[in-house]
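K.L.:
Attaching a single structure in structure tokens format; questions to follow.
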Amino acid sequence: MNNVITIRKESVEKHEGVVVLPVKKYKELIARVVPTFYLKGKKAEKLDKLVKEGLREYKAGKTKRLKSLADLA
């Protein structure tokens, strides 16, 4: 069996090219799309403090495992 894909030249030119890659690699690339933010100064310190408090509460068993945001109510 011969697997053939036909792509019109006009379509390739319109979209500035075509990329073919395995689904696994595609999913890896999509996972990296989430933007990275770097905080400085007081905002960074505030976030660091918040994370440390959260980790302390987690280690102390003061957190809940939620299946949905509706469980917060």
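Computed from the coordinates by the stated procedures, all read-outs in this text should not be read as laboratory data. All of these numbers come straight from a predicted model, not from anything done at the bench. Every residue, glycine as well, gets a Cβ built from its backbone with ideal geometry; the counts of neighbours run over all protein chains shown.
K.L.:
Looking only at region 30-49, count how many residues are loosely packed, with under 10 Cβ neighbours inside 10 Å and either in contact with a helix residue (DSSP H, G or I) (Cβ under 6 Å, 6 or more places away or on another chain) or not in a loop (DSSP other than H, G, I, E, B) (or both). Break it down into steps so the answer makes sense when it comes.
P.N.:
In the first step, residues of region 30-49 are kept if they are loosely packed, with under 10 Cβ neighbours inside 10 Å; the result is 30-38, 40-42.
Now narrow it down to the ones that are either in contact with a helix residue (DSSP H, G or I) (Cβ under 6 Å, 6 or more places away or on another chain) or not in a loop (DSSP other than H, G, I, E, B) (or both): 30-31, 41-42.
The total comes to 4.
K.L.:
Does V12 meet the test of being free of Cβ contacts under 8 Å to residues at least 12 places away in the same chain, exposed (fewer than 10 other Cβ atoms within 10 Å of the Cβ) and β-branched (V, I, T)?
P.N.:
Numbers: free of Cβ contacts under 8 Å to residues at least 12 places away in the same chain: yes; exposed (fewer than 10 other Cβ atoms within 10 Å of the Cβ): no; β-branched (V, I, T): yes.
Spelling it out, it is not the case that V12 is free of Cβ contacts under 8 Å to residues at least 12 places away in the same chain, exposed (fewer than 10 other Cβ atoms within 10 Å of the Cβ) and β-branched (V, I, T).
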